[in-house]
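One structure below.
What follows is calculated from the coordinates using simple rules that are stated; it is not laboratory data. This structure is a prediction, so every number in the text was calculated from the model and none was measured. Here the Cβ positions follow ideal geometry from the backbone for every residue, glycine too, while neighbour counts run over all protein chains shown.
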Amino acid sequence: MDITNTTMILIAVAAALLIGGFLGVALGRSQRTKKLQQTFGPEYEHTLEELGDRQQAENELKARLEHVKALDIRPLSAEEIEDFSAQWLETQAQFVDEPLAALQKADELISEVMEAKGYPVEDFEQQVADISVDYPELVIDYRGLHLMAVKDIEEELNTEELRQAMVHGRALFENLIQRDENVKEGIVTEEAS
């Protein structure tokens, strides 16, 4: 074989490896994007819109996954579920006479449940980020509920918007207090430990 043919073969092989590498990276990114979109649902688009850069948004969502994985999230005991449920019923009843106060209480109650489960609740943005990992379909509505709950009392709030926020809050609340399949009467089974 002469040097020209050998050089051409080496160039072709190098080009093929380079193209294959680029395709592999592109495919990996595409799969990562698809997985994050499936995991986070509408929160993926919200984060992308908020940050304005796909790579930055995906890094943020991946960091959320890692952060929540490191937390010690636990199921609630039967007693805690019963207590929080009773408080929610009182809050819903309060809505008839004092919708804004009830919404504010609902917001506080959701934070209390999150804290009891092991989520950090000192910073609302971190709270939302953590919830987005486990409840991606509910996090946008939770943001809305919280924004209404912290509005100035002087601001004009539409009762129907408050009602909708309360309904969405209830959906998150109910998901948060659902009994884990491995929990029976407030005692974690050995498989869950």
Next item on the list: Work out Dmax and Rg for the chain from the C-alpha atoms and quote the Rg first, both in angstrom.
Entry: 24.1, 93
Check: Among Ile19, Ile73, Ile3, which comes first, second and so on when ranked by fewest other beta-carbon atoms within 10 Å?
Finding: Ile3, Ile19, Ile73
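Quick check for the chain: number of Lys pairs with alpha-carbon distance under 18 Å, counting only pairs 8 or more apart or on different chains?
6
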Check: By counting other Cβ atoms within 10 Å of each Cβ, how are Ser77, Ser85 ranked from fewest to most?
Finding: Ser85, Ser77
Checklist line | Virtual spin-label span in nm between Ala78 and Asp97, 7 Å along Cα→Cβ | finding: 3.4
Note to self: At most 12 other C-beta atoms within 10 Å and a DSSP loop state: those are the exposed GluC sites (Glu not before Pro) I care about. Give me the longest piece of the chain that has none.
What the structure shows: 1-121
Note to self: Using a 10 Å cut-off around each Cβ, can you sort Val121, Val13 from fewest to most neighbouring Cβ atoms?
What the structure shows: Val13, Val121
Item checked: Computed helical MRE - 222 nm, the chain, DSSP H runs ≥ 4 contributing -39500 (n - 2.57), nearest 500 -> -25000 deg cm²/dmol
Note to self: So if each residue of separation counts as 0.36 nm, and I subtract the Cα-Cα distance between Gln37 and Asp134, what length gain in nm does that give?
What the structure shows: 33.6 nm
Note to self: Let me check I have the definition right: for the stretch 1-100, take the eigenvalues of the Cα gyration tensor, multiply each by 5, take square roots. What are those semi-axes in whole Å, largest first?
What the structure shows: 56, 17, 9
